[in-house]
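First up is the structure itself, then whatever we jot down about it.
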Amino acid sequence: MSIARIYQRPKNAMSSGRARTSTWVLDFAPAEAKQPDPLTGWAGSGDTRDQVRLDFPTQEAAVAYAEREGLAFTIVPAPQRTLKLQSYADNFR
């Protein structure tokens, strides 16, 4: 039985927008290590749960789904958002 991980989607590091950061995600920890394919060299495994990622509007909805399906899960708390407040004039000091 693999363990599900519930976490809040982080902000994309490549943009300043915060789109889709309020959703919660449930995905599964890998059950087996990935092996290189002898023909193509691509990494893969027989674990198909690695391909599953479910989005939920709230943490409670994700937890309710995991409990209803009998999944073992861990909740990863969202990191605290820190603001670096500075004025425009600080760029020229």
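The values are calculated or read from the model by the stated rules, or taken from the named source; none is laboratory data. For clarity, every value in this text was computed on a predicted model and none was experimentally measured. As a convention, Cβ positions derive from the backbone with ideal geometry for all residues, glycine included, and neighbour counts pool all protein chains shown. Surface areas here come from the heavy atoms of the whole protein model, side chains and all, with no ligands, DNA or RNA. Shrake-Rupley method; radii C 1.70, N 1.55, O 1.52, S 1.80 Å.
Tabulated results
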| item | result |
| --- | --- |
| Extreme residue, surrounded by the most Cβ atoms within 10 Å (Cβ to Cβ), among residues of segment 66-79 that are over 16 Å from the mean Cα position of the chain (by Cα) and of a type outside the set (D, E, K, R) | 71 |
| Those residues of segment 3-32 which are touching a strand residue (DSSP E or B) at 6+ places or on another chain (Cβ under 8 Å), free of Cβ contacts under 8 Å to residues at least 60 places away in the same chain and of a type outside the set (Lys, Arg), in sequence order | 21, 22, 23, 24, 25, 26, 27, 28, 29 |
| Subset tally (residues that are part of a loop (DSSP other than H, G, I, E, B), open to solvent by less than 80 Å² (accessible area, probe 1.4 Å) and either farther than 21 Å from residue 6 by Cα or not small (Gly, Ala, Ser) (or both)) for segment 18-32 | 2 |
| Of all residues in segment 40-65 being among the acidic types (Asp, Glu) and not in a strand (DSSP E or B), the one that is least open to solvent (accessible area, probe 1.4 Å) | 47 |
| Segment 75-93 residues that are on the phi < 0 side of the Ramachandran plot, paired with ones that are open to solvent by less than 100 Å² (accessible area, probe 1.4 Å) and of a type in the set (Phe, Trp, Tyr) (beta carbon under 6 Å, 6 or more apart) | 76/7 |
| Hits in segment 1-17 - residues which are aliphatic (A, V, I, L, M) and either under 15 Å from residue 78 (Cβ atoms) or in a helix (DSSP H, G or I) (or both) | 6 |
| Pair list, Cβ under 9 Å, 6 or more apart: segment 50-71 residue within 8 Å of residue 24 (Cα to Cα), other residue among the aromatic types (Phe, Trp, Tyr) and assigned to a helix (DSSP H, G or I) | 56/65 |
